[in-house]
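Everything on this sheet refers to the single structure shown next.
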Amino acid sequence: MNLINAFNLTATDVVTITGGGGKTSLMFALGRELTAAGQAHVITTTAKICVADVNPAQVLIDPDIDTIIAEIKKDPAKEWVIGRETVAQQKIAGFDDANLRRLHQALSPLVIINEGDGSNRRPYKFYADYEPAIPLLTTKIIHVIGAETFKQPIDETLFHRSQLFDGPELIFDEAVLKRSLETFSRTKLDPYFDPTVDRILLINKADGAHLEDARQMAEIGKTIFSFCFIASLKEGWIKGC
């Protein structure tokens, strides 16, 4: 699939993944590619990762970032998933900006792959004021949306926090998609990140009957984000818009 080349990843990038529709799959796919390329990296979250999604052998949990750093130095090639604590034995909670910056500096060159959002396993979401949690050291933001959302009813079937949608429309059509992406960019990215931070839209699940939906969504998305891709992480391919 070569996500490293598609996203132009460097050895010191901090990647934060937001949205829905394949964030966790993307996170681990990136990790596998970096491992194969011999690139040191860690996977973490500023939201929460479900314990069930992670191989226990990869997990390193400790509230002290210096302990985390010391353990990684013992086996830097391992695909670590790090966090400060396990919540209710179900989710891994991660570190704040200051600790992530210390980790990044101590283990440089290091790629950090961070899941900055939760979508309750739905292919897209509407945002509360406190979401997403994007560390300020992020160098690439990848915003993910599932192609199966296009022209579908705006409810909890496909949309996490659908009650936060503030428009009169009932269907997630072209106009709603455009407004949603513009709002995300204007309110969640513009106040905090300058143009040197890559803003990438990934329209996932662009397979089967949803391929044409993904192409139509991409025509809108590429006018808002610096880079736009359609992909099927399940089938293992990605293509620039």
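Among the residues of region 76-86, how many are open to solvent by 50 Å² or more (accessible area, probe 1.4 Å) and at pLDDT below 95? Of the residues in that region, 4 qualify. Among the criteria (1) touching a strand residue (DSSP E or B) at 6+ places or on another chain (Cβ under 7 Å); (2) more than 20 Å from residue 24 (Cα to Cα); (3) crowded, with 19+ Cβ neighbours inside 10 Å, the one residue 65 does not fulfil is (1).
Scanning region 142-167 for residues being out of contact with any Pro (no Cβ under 8 Å at 6 or more places or on another chain), not aromatic (Phe, Trp, Tyr) and not in a helix (DSSP H, G or I) gives a total of 14.
Looking across 29, 52, 40, one residue alone is aliphatic (A, V, I, L, M) and open to solvent by 60 Å² or more (accessible area, probe 1.4 Å). It is 52.
When region 70-93 is filtered for residues that are under 22 Å from residue 30 (Cβ atoms) and among the aliphatic types (A, V, I, L, M), the ones remaining, listed by number, are 72, 77, 81, 82, 92, 93.
When region 137-159 is examined, which residues are found to be open to solvent by less than 30 Å² (accessible area, probe 1.4 Å) and not hydrophobic (A, V, I, L, M, F, W, C)? Listed by number, the residues that qualify are 138, 140, 143, 146, 149. So for region 119-141 (the condition being touching a residue at least 40 places away in the same chain (Cβ under 8 Å) and small (Gly, Ala, Ser)), does at least one residue qualify? Within region 119-141, one or more residues are touching a residue at least 40 places away in the same chain (Cβ under 8 Å) and small (Gly, Ala, Ser). In region 87-100, what residues are of a type in the set (Val, Ile, Thr) and surrounded by fewer than 18 Cβ atoms within 10 Å (Cβ to Cβ)? Matches in region 87-100: 87 only. Within region 1-24, track down each residue that is surrounded by fewer than 23 Cβ atoms within 10 Å (Cβ to Cβ), closer than 19 Å to residue 146 by Cα and at pLDDT 95 or above. Passing the criteria: 3, 6, 7.
For region 101-118, residues that are modelled with pLDDT of 95 or more, assigned to a loop (DSSP other than H, G, I, E, B) and open to solvent by less than 10 Å² (accessible area, probe 1.4 Å) total 2.
With respect to the conditions (1) in contact with an Asp or Glu (Cβ under 8 Å, 6 or more places away or on another chain); (2) of a type in the set (D, E, K, R); (3) without any contact (Cβ under 8 Å) to a residue 40 or more places away in the chain, residue 85 falls short on a single one, namely (1).
The values are calculated or read from the model by the stated rules, or taken from the named source; none is laboratory data. It should be emphasised that the depicted structure is a prediction, and the values quoted were computed from it without experimental measurement. Every residue, glycine as well, gets a Cβ built from its backbone with ideal geometry; the counts of neighbours run over all protein chains shown. Keep in mind that these areas ignore ligands, DNA and RNA; they rest on the heavy atoms of the full protein, side chains included. Shrake-Rupley method; radii C 1.70, N 1.55, O 1.52, S 1.80 Å.
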